Every structure is written in C-alpha cells, then in structure tokens.
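Only one structure is covered here, and it is reproduced in the block below.
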Ligand code: SF4
Ligand code: SF4
C-alpha cells in the first residue's frame, strides 16, 4: 500500500522501493532503538531503586541522543593486528541481518516491507546471518575474548534456533501459512481469536489447544531471548568473564551498530512472537475506525497495537534481564537440548494430534 | 522423570518469584540523591575544608606542629611594643604578626588533629567539600590577613626595632664611660 503510494508520488519503482526499504529504519527502528535504550536504563535503574539518566531532557529522555552524538565523534580504532576487511564488514552484517528481518514483519495491514509467502521462514533464515557477522567480528578482532564470545554466540544461536523453529512449525501446522500478514489477518476480531487462545476456529480443539499454545509461547519466547543474546542468555558478551565478548575491540559508530542491531533484534523477535501468538497488528478489542466509520484510521490503530505488543515483549525482556543471573555455558546448553527441544517436540506432536481431530 | 518435571517446575516458580520482586521494586522510590541539585545531609561532625579565623589566631604554631603531614606553614614576626595588634575574641592580647599562614589542601588528610590544640579555637572544619581545582597550586590557601607588602614592612619594622634596641644596648654599655666623664668635670 505504501509502496503504491510512493510509486505514484515519484513515478519510479526504484525510488519507491528504496524509500519503502528505508522507511522502517528511519521511521521505526532508529526512534525505537533510541527509546528502548533509554527505557532499558530506566527500567534497570528503577528495578534497583535508582533513578537512571536524569540530566538530559525530562527524566533523561534525550540521553541516548547525547550518547549517539558522543559515539559519532569517537575515534574509529582498528588495531594493527585486526583483519581489517572482516573487521569492518562484521558490524554491517550483524545489522543487516537484524534489519532484513523487518522486511517480512507486518507493521499494519497497510505497511509490510515485503509481503512474502515465506515470511517466518525468511526471518529465521536471515537472522542466521547475524551469527556469521558475530563470528566475523570475533575472529577479525584477533582477541581471545572476542573469539570466545563469538564462538559461544554461534553455539548458542544455532542451538536455540531449533526450539524456535519447532514452535514456528507448530503454528504453521495449525494455520497452514508461513506468511506473517496472513497469519495476522487470521487472528482478526477480538483477542479470543489469537493463537495463544487456540486460534480463530471455534470448537473443542480450540480449548484443548490453549495450554499447549501457552507452552509453545513460553518456549519460543525463551529461545528467542537466547537468540538475541539477552540475559540470562548473554554468555557471548558476559561482562564479568569476556570483557564484552565479540564487540570488545569495536569503538565509535561500529560499536553503535552492534548496539543498534541488538535493540532492533529485540524488537524483531518480540514482533514475531506477537505476530505468531498475539494477533500481530490486530486490535484485541475491535477498531475505533470501524466504530466511527473512518477507514484510514484502522492502519494507524493497527500500527499502535503492533508497537504496543512489541514494546510489551521488549519490556518483559528487560524485566527478565534485570531479574535473572546469567546461565553457565553447560546450563545454557542443558536448558536448550534437555528441556526446550524435547518439550517443543512433544508440544508439536500433541498440537498436531489436536488439529487432526 | 520426576526430577525432570520438578526442575521445570522450580525454574518456572523461581523465575516468577524473581520477576515479582523486581516488578515491585519498579515502584519503590529511588534512593538516589540528585547530587549537584540536592545536597546530601552531612553528618554532624563531618571533616571537610579547614578555615582559620585570623582575627583570633595568635600565631602560636601549635596547629602546624600537630599536623602529621606538615601542610600548615606559619611565619610570625613579633609586634612592636608601640603597635596595637588587637585582642582575640576571648580577650587575649595578640603579640605576633602572622605574616604567612598557608594550608596546602592537596596534602591535608582532613584528620582534624590541628583543630584540637588551638588555644583560641580559631582553626576549624567547615562544611565545604566542593573545592576541586584545575591547578594544584590553587589548593594552597593563604589565610594571612596581611598583604605581602605589609608583611614585609612588619619584618623590616621588627628588624629596625631590634637594631635600634641593639644600638641602645651598645650605647648603654658605652654610657658609664660617657656619663662619668662629666661628673668628673
Ligand atoms: S586536618 Fe590534619 S592534615 Fe589537615 S591541616 Fe589539620 S592536622 Fe594537617
Ligand atoms: S593553633 Fe590556632 S592560634 Fe595557634 S597558630 Fe594555629 S590557628 Fe593560630
């Protein structure tokens, strides 16, 4: 929809595509990252009975912008023993990996970067690029801590992709589509049509499915937490053991790039979880636009609901981060291979049997 | 299997308990003091920057001798009998010009040992603790009320007085010879 609008406006498909592609970055991800970094500091501070940033703007809300200005001015240090090309590409690759995921995420019925039929699959696939970027960063830094962090990160992300995909497969099995837009459309109406509450089709199966959907949600949420390297799964950057993992050697804007990617990733996984289980951009209580008969209000409302759901899950991620201690490497692997994967498998089979009914 | 399920159960329950605690703390008022805007309440006997009330100082050098790091340096000159140096607030007559009284706060360890021996209680701790400087030399505080020229003058005066006295003495010593002569006449 927005693409058609830009196409009409500029009369060129290339310009329209470029604008369409950059739109989520400048309209959504950058402001979101700025806001999320501030939120993270505020949430962490208040959870520890502190105040957090207070001096730049009202309650420090401009703090992140000040920090970005600082990072922009910093010297871009490249050590002499670094593998320069890899070292320079790595942050870009990490950012591209997390940004590409946004292409298939439906922000509202009027805006979806690319309405791919393979939406979820595409997201899972391109987030794999992040691992390559992280490994590159760790390798090219020529620093033992960076390399250790990168190795851990690769091991972690690859292991936790399995339960994530198993849960996604569960949903795909129930709904029969990989397209996130269609998935969201299916869960239209009210919140009882959301997948977490058994999906839109009414019947015994719906109620039987609810507990297993909740298990599925918990599994995908935990494993997506691990995929974005957030505490309690932040062993790749474990400050107390690895300085700060794979981005130890980075400074200035390249470091900011990793940071931005982390926050973009946080929102991306939250958005996927919201789209799979919580109706995506659908409102839980019906639309004001429908009520008063203004059609153009609906996409805006949808954007609001989508952002609200995404932000809620981002908040829960932060909440968990400031609650739980970091897992040990063996605990991390045990949690994935001994608990999440078998449960996800059983869950998949049970939901499969229920759908067969 | 039992162990397995129990592990899952403990994990979920403990995580939820932890999350409940942190969530509660979101609404606990912060203990932060917004320092430059809000000053913390200092304890009653806090030890910070020293101040010397020169009106009361008699230049007895007790504080400088008590200081364990030798950061107080005092230089005094005796006053002339003709000069009135004023009195301390306790009515004690001052006899010495304090020509130099500096405290080097870059050395001071804020032990307060200099405060106790002072007979006139004129050196004491204030509640000022924000006095950082860009130059180390700025941390040497001069408390003397005399300007350098005045201090120089006092020294010259006293040297003059001493010299005069010495001359007088010399004259006195020579006098018997002088005074006896006219008697003989
Ligand atoms: S407080 Fe202690 S160190 Fe400082 S001037 Fe007095 S005696 Fe010396
Ligand atoms: S002890 Fe008191 S009176 Fe004596 S020199 Fe020090 S400040 Fe002056």
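The numbers here are math on the coordinates, done by the rules we state, and not lab data. Values in this document were obtained by computation on a predicted structure and should not be read as measured data. Glycine gets a Cβ as well: all are built from the backbone with ideal geometry, and neighbour counts include every protein chain shown.
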message = Apply the a/c threshold of 1.5 to the C-alpha gyration tensor of the stretch B:1-49 and tell me whether it is rounded, prolate or oblate.
response = prolate
query = If you find the alpha carbon centre of the stretch B:2-72 and of the stretch A:315-341, how far apart are they in angstrom?
reply = 33 Å
message = On C-alpha positions alone, give me the angle between the axis of helix A:252-277 and the longest principal axis of chain A, in degrees, nearest 10.
response = 20 degrees
Cα gyration tensor shape of the stretch A:1-122, rounded if a/c is under 1.5, else prolate or oblate by comparing a/b with b/c = oblate
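Which value, in Å³ per residue, describes the convex hull spanned by the Cα atoms of chain B?
Roughly 219 Å³ of hull volume per residue.
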note = Applying the gyration tensor rule to the Cα atoms of the stretch A:259-357 (axes a ≥ b ≥ c; rounded if a/c under 1.5, else prolate if a/b exceeds b/c, else oblate), the class is oblate
key: Solvent-free Debye scattering, log10 I(q)/I(0), computed from the Cα coordinates of the stretch A:77-356 at q = 0.08, 0.10, 0.16 Å⁻¹   = -0.35, -0.54, -1.20
note = Quick calc, residue A:218 & residue A:18: beta-carbon distance into FRET formula, R0 51 Å, rounding 0.05, result 0.80
query = Where does each of A:185-197, A:226-238 land if you order them by average Cβ count within 10 Å, highest first?
reply = A:226-238, A:185-197
query = Tell me, A:46, A:59 in order of fewest to most beta-carbon neighbours within 10 Å?
reply = A:59, A:46
note = Computed on Cα atoms, the radius of gyration and Dmax of the protein assembly as shown in angstrom are 38.5, 155
query = Relative to the present Cα-Cα distance, how much length would full extension add between residue A:297 and residue A:132 at 0.36 nm per residue of separation?
reply = 55.3 nm
key: Rounded to 10°, Cα long-axis angle of helix B:148-184 versus longest principal axis of chain B   = 30 degrees
query = How crowded by other chains is A:47-54, given as the mean number of beta carbons from other chains within 10 Å of each beta carbon?
reply = 4
ask   = Based on the Cβ-Cβ distance from residue B:42 to residue A:69, what FRET efficiency comes out when R0 is 56 Å, to the nearest 0.05?
value = 0.95
Neighbour-count order for A:219, A:105, A:68, A:210, fewest beta carbons within 10 angstrom listed first = A:210, A:68, A:219, A:105
inquiry  = Between helix A:297-321 and chain A, what is the angle of the helix's C-alpha long axis to the longest principal axis, kept within 0 to 90° and rounded to the nearest 10?
reply    = 50 degrees
ask   = Within the stretch B:81-116, whose backbone N sits under 15 Å from a point 7 Å along Cα→Cβ of residue B:69?
value = B:103-115
remark   = Log entry: pair-distance distribution for the stretch A:1-73, C-alpha pairs binned every 5 Å from zero, whole % per bin is 4, 15, 17, 15, 11, 9, 10, 10, 6, 3, 1, 0
